[in-house]
1. Provide the net charge surrounding M95, with neighbours chosen by a C-beta distance below 13 Å and charges set as Lys +1, Arg +1, Asp -1, Glu -1.
2. Hey, can you grab everything whose amide H is under 5 Å from the amide H of S209? Only 5+ residues off in sequence or another chain; H modelled, so Pro and N-termini drop out.
3. May I ask you to evaluate 6.51 cos²θ - 1.76 cosθ + 1.60, the Karplus curve with θ = phi - 60°, for each residue of the range 129-137 and list the ³J(HN,Hα) values in order in whole Hz, giving x for glycine and proline?
4. Provide the per-residue ³J(HN,Hα) series for the range 233-238, in order, calculated from phi with Karplus coefficients 6.51, -1.76, 1.60 and θ = phi - 60°, each as a whole number of Hz, with x at glycine and proline positions.
5. Counting other Cβ atoms within 10 Å of each Cβ, which trypsin sites (Lys or Arg not before Pro) in the range 298-357 have at most 16 and sit in a DSSP loop?
6. Ratio of the range 261-413's C-alpha Rg to 2.2 N^0.38 Å, to two decimals?
7. For E200, what is the net charge nearby, where nearby means another residue's Cβ is under 15 Å from its Cβ and Lys, Arg count +1, Asp, Glu -1?
8. Taking the radius of gyration and the Kirkwood hydrodynamic radius from Cα positions alone, what is the Rg/Rh ratio for the range 298-375, to two decimal places?
Amino acid sequence: MNLEFKSADGSPEIVDSKYYKAIFIGFLVLMLNSGYLIGASSSSLFYYSNLVLHIVLGLALIVPLYTKVRYYIKTDMLYGKTFGETVGRLGYLAMQIAFLSGIYLLGVGNVRAESYAFYGHVFAGFFAVMCLISSIRRAAYNVSVENTYWRAGRWGLTIFVISVMMPFFSLLIQSALPDQAGTIRNQGVIPSSLEEANDEGDQSHFFPSPAETESKKVIDTRFLQESQSCGRTGCHVDIVAQFSDSRHNQPALAKQHYQNTLTVVQGRFGREAGKFCAACHTPAILFEGDAALPVHNLKSKPLPASRLSCNSCHAIQTVKNTLGNGGYVIDKTAISGLSTSDNRTVQSVHDFLIFADPDPHREFMMKPFLRAQTSEFCSTCHKLTLEKPFVADQPVPGLTEYDYWAGSVFARSDIKAFGAIRDDRDCSDCHMPRIEADDPADPDGKIRDHSFQHPQSTLLGFDEHASPAKSAGTSGADRLFEIEIFAVRSAGDFAENAGNAAAPASGFAMTTRQKNSDIEGAVPPRQGKNRASTQLVLEPGEEVVVEVLIKARNVGHAFPAGTPGSAEAWLEIEITDERDAVVYHSGALQENGEIDSTTTYFGIELLDSEGKRVRLAHGIGANKVGRCQWLLPNTVFLAQHRLRLPENPSGQHLHISAKMRYRKRGLTEKVP
């Protein structure tokens, strides 16, 4: 049907109604589509379909809509008189800005650095539609009671109001029903067994692991097996490079001690028990349903399947609680298959959609707990409590870093700490400090360091296997410890003279000199306390007590950390004479590599039912605890050592030194 409408000069203008209606309906759909995209942000297929529709409709309508509006401005807008003409020209100008900014965003991407273009596109489009509808309605009223412009204005206003209200309704719903999954909470009944820790109990595909997928089913895990796509388009290039060299990215099945542990676990507790380990070490294998395969079959899988990737952490949508043991729920986006496709064109489609609208990607990959609750998030895998069947009787702590951090001053939970701290700190502040980087995801030019560097490894240089003892960092403004020979006392007068026989030293060495037949200790006074120098007369061969003060300054959790038995620290005290001959040595390594049993020891030894030390990761198979002593965050430990002075000292001075030693030991157990 053709519709006749007279133009401003009175001549009839014939308009093809089908063509006009198609353009106008497309315009109305574009308005609704825009309202939905502004109000919603989802990684679902429906959302990305609307994103594609928005781009396609926008490009398809640029020329015809621009032509029609331009024709209206030159002719029929005059019916709207002064007001209609003014807002019409403003709408026409805003429409051009919206078109141009949209094309610009298609070319460079809607990253944060281009946020001005995005907001310009949104507000220019909103203003253009509002002005043009007002102008058209004003012109229509001045022509006749009912005409083409009148109907267009009525429908346009209705859809415009609906589109504008969509974001407000969305915001209202989000405020009334916030996403609880974005916050880590301990609520409800604490699981008393591994069956209770999984939503589907022992019927879960992933039991005995508490980890689950959103669908509760096995999934295609190719998205968990690579990280390079995150830097493919120049987005997170620095982060990918850092992560590629990190310990998190090392294939678990390439490590002998993991193979040994998994072999023993499957042999003692059944092949299904390997799923418990897989949740944190090889999640891709777990969620594709292969974690129960024998170790020799798992070793034949491609190495990417047995390592962590960016998505191993960032695809986690829910952390069930802070009980650890891998209690999380993971999911993947609707377009993750495009990213892992072998077809470069398909990969380009994925990358284009991410750049065109990064918000769904950002909200899916950066849940609030990754910013506000990093320590709680890390507890998912860095806290472990072994329960039956992995231990014989009582639960055994396999990893405890989170618990000791949560009860410390660094979490603002302890007021009894030795000294004050500068600020509260979580896991990321020490292990993922902010560094300079050119990353479009962060306009401030800083990112979290994803190499996950351990402060100990920086100061001590340990490796994964048994290494020589190293001196724990005792110098520098950010040192982990402060070690001080606090006092030397006569053992005979220890109880009686506890108040006045102390010989404090504010250093790591104390020097004595011989006078006649006595050994006299001359110790410098403490600064700023108005204390006079104290001298202690000691006899050759006399028994004395050396007190060493160890302050944990920048250790945010119990030290040493890690798998029980894999890390050990101890105090080494050495006394030498003027000829550097050792007259006393505590904390030396024995020939078999074991630590002197008389020294001050930090760490935990887990024992099996026969009293033998457990060498499996996390103490699997442990029955009881042997030696156990930790240096707690921001606290002080006083070590007391009794020793006997030499009968015939050489020279006039004895030199005392105290050091904290540390080593990282490889866990091994011979398997059949």
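Just so it is clear, none of the values below were taken in a lab; they were calculated from the coordinates. Here the structure is a predicted model, which means the values were calculated and not measured. All Cβ positions, glycine included, derive from the backbone under ideal geometry; neighbour counts span all protein chains shown.
1. Around M95, the charge tally is +3.
2. Amide H neighbours of S209: F276.
3. Karplus-based 3J(HN,Hα) across the range 129-137 equals 5, 4, 5, 5, 5, 4, 5, 5, 5 Hz.
4. Running phi through 6.51 cos²θ - 1.76 cosθ + 1.60 with θ = phi - 60° gives 9, x, 7, 9, 4, 5 Hz.
5. Loop-located and lightly packed - K299.
6. 1.23
7. Combined, the nearby Lys, Arg, Asp and Glu give -3.
8. 1.03
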